[in-house]
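K.L.:
One structure follows; several queries about it will come next.
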Amino acid sequence: MFKEYYGFSKNPFDKQSISEKDAFLSTDHKEMTSRLSYLNKTRGIGVFTSGPGFGKTFALRCFTKSLDRNLNEVAYFCLSTVSTAEFYRQFCDALGIDAPSGKPAKFRAIQERLYHLFKEKRKPLLLIIDEANELSHDILKDLKMIMNHEYDSINCFTLALAGETRLNSTLDKPIHEALRQRVSIHYSFSGLSDAETEQYLFHKLRIAGAADSVLGVGTLPAIAGYAHGCPRLLDNLMNEAFMLGAQLEKPSIDTDVIMAAVNNLALA
């Protein structure tokens with residue numbers, strides 16, 4: 001409704017409307033991308049954590065979109081609450097393996113395929129596990145063993161674990177000491193600064209063809225105070241605010257509309 005009222009070409013606060021080329025390059029986004037690029041070249045293990053809604057998955061999507069698929073094999077898992085047996089089945093499917101029966105046979109088939117991709121095809125795997133904070137201890141232990149090739153002398157593939165901050169606590173447990181020692185890249189999102197929050201909002205408005213003046217004077221502190229640097233909270237708030245603004249026939253979004261939107265979201 002508000003797209004027509006405010007003359008937007010699309011809803012810039014709807015994740016389905018934003019393509020990778022329209023990404024706002026926040027400090028977190030750039031830092032994660034840089035580390036993923038290094039990790040993919042060295043074929044190690046990387047851990048990326050934040051609270052929910054800070055943009056980890058979108059940064060992963062942008063990075064994988066930029067890769068040459070003739071040189072990189074990519075597998076993305078986001079259903080992390082599976083059993084160990086189901087994880088092995090999914091891994092076999094992702095690698096195009098007819099899954100043999102039994103965990104030991106699946107383990108050998110996976111390692112052989114990973115080595116083949118690396119050594120013969122020169123197309124090493126980038127395995128991304130999103131919501132990795134939900135992985136069981138058994139799967140995390142097995143991932144460590146899958147990384148062990150030729151007496152632990154080479155890394156055949158890249159493993160990127162992305163999840164909420166409690167993933168750090170899981171990896172700190174003594175049971176995962178060996179896996180944690182293998183982690184070569186670790187990045188925790190800090191969220192958008194107040195300056196980046198302003199830049200983020202105006203970036204979103206411009207890609208929708210809107211003028212900066214559609215946000216009234218004095219609204220930015222209220223917006224930043226609600227979102228605390230979280231892009232998803234920013235998007236939710238602005239979506240609600242522009243819907244209210246259109247209903248109230250406001251030519252621009254003022255502080256009263258922002259506070260009303262905050263109250264609506266609190267009651268949702």
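K.L.:
Need the list of aspartates and glutamates near Lys144 for cross-linking: C-alpha distance under 16 angstrom, and skip anything on the same chain fewer than eight residues off.
P.N.:
Glu112, Asp152, Asp172, Glu177
K.L.:
OK, next. Give me a comma-separated list of calculated 3J(HN,Hα) values for the stretch 174-183, in order, Karplus coefficients 6.51, -1.76, 1.60 applied at θ = phi - 60°, integers in Hz, x for any Gly or Pro.
P.N.:
x, 4, 10, 4, 5, 5, 4, 5, 7, 6
K.L.:
Can you pull the three principal axis extents for the Cα set of the chain, in Å, largest first?
P.N.:
For the chain, the Cα extents along the three principal axes come out at 66, 39, 31 Å.
K.L.:
Now for a separate question. Which chymotrypsin sites (Phe, Trp or Tyr not before Pro) in the stretch 148-218 pass both tests, a DSSP loop state and at most 14 other beta-carbon atoms within 10 Å? Before the final figure, lay out the partial values.
P.N.:
Working: sites: Tyr151, Phe157, Tyr187, Phe189, Tyr200, Phe202; in loops: Tyr151, Phe157, Phe189.
Sparse-neighbourhood loop chymotrypsin sites (Phe, Trp or Tyr not before Pro): Tyr151.
K.L.:
While we're on this one: Starting from the stretch 3-83, pick out the trypsin sites (Lys or Arg not before Pro) whose DSSP state is loop and whose Cβ has at most 16 other Cβ atoms within 10 Å.
P.N.:
Working: sites: Lys3, Lys10, Lys15, Lys21, Lys30, Arg35, Lys41, Arg43, Lys56, Arg61, Lys65, Arg69; in loops: Lys10, Arg43, Arg69.
In loop regions of the stretch 3-83 (DSSP not H, G, I, E or B), the sparsely surrounded trypsin sites (Lys or Arg not before Pro) are Lys10, Arg69.
K.L.:
Let me ask you something else. Counting only protein heavy atoms, what percent of the accessible surface of the chain is carbon or sulfur at a 1.4 Å probe?
P.N.:
Whole-percent figure for carbon plus sulfur exposure: 51.
K.L.:
Which far-off residues, 5 or more places away or on another chain, put their amide H under 5 Å from the one on Ile154, with H placed in the peptide plane?
P.N.:
Close amide H contacts, sequence-distant or interchain: His149.
K.L.:
At 222 nm, what helix-only mean residue ellipticity would the chain give, in deg cm²/dmol to the nearest 500, using -39500 (n - 2.57) for each DSSP H run of four or more?
P.N.:
-15000 deg cm²/dmol
K.L.:
Right, another one. Relative to the longest principal Cα axis of the chain, at what angle does helix 255-267 sit, 0 to 90 degrees, rounded to 10?
P.N.:
With rounding to tens, the tilt is 50 degrees.
K.L.:
Determine the relative contact order of the chain: mean sequence separation of Cα pairs under 8 Å and six or more apart, normalised by residue count, in whole percent.
P.N.:
About 27 percent, as a whole number.
K.L.:
For the stretch 1-83, what is the largest minus smallest coordinate of the Cα atoms on each principal axis, given in angstrom and ordered from greatest to least?
P.N.:
Per principal axis, max minus min of the Cα coordinates gives 50, 32, 26 Å.
K.L.:
Just the accessible area per residue of the chain, please: how many Å² with a 1.4 Å probe?
P.N.:
Normalised by residue count, the accessible surface of the chain is 49 Å².
The values are calculated or read from the model by the stated rules, or taken from the named source; none is laboratory data. If you're wondering where the values come from, they're calculated on a predicted model, not measured in any experiment. Glycine also receives a Cβ, built like all others from the backbone with ideal geometry; neighbour counts cover every protein chain displayed. Quick note on the areas: whole protein, heavy atoms, side chains included, nothing else; ligands and nucleic acids left out. Shrake-Rupley method; radii C 1.70, N 1.55, O 1.52, S 1.80 Å.
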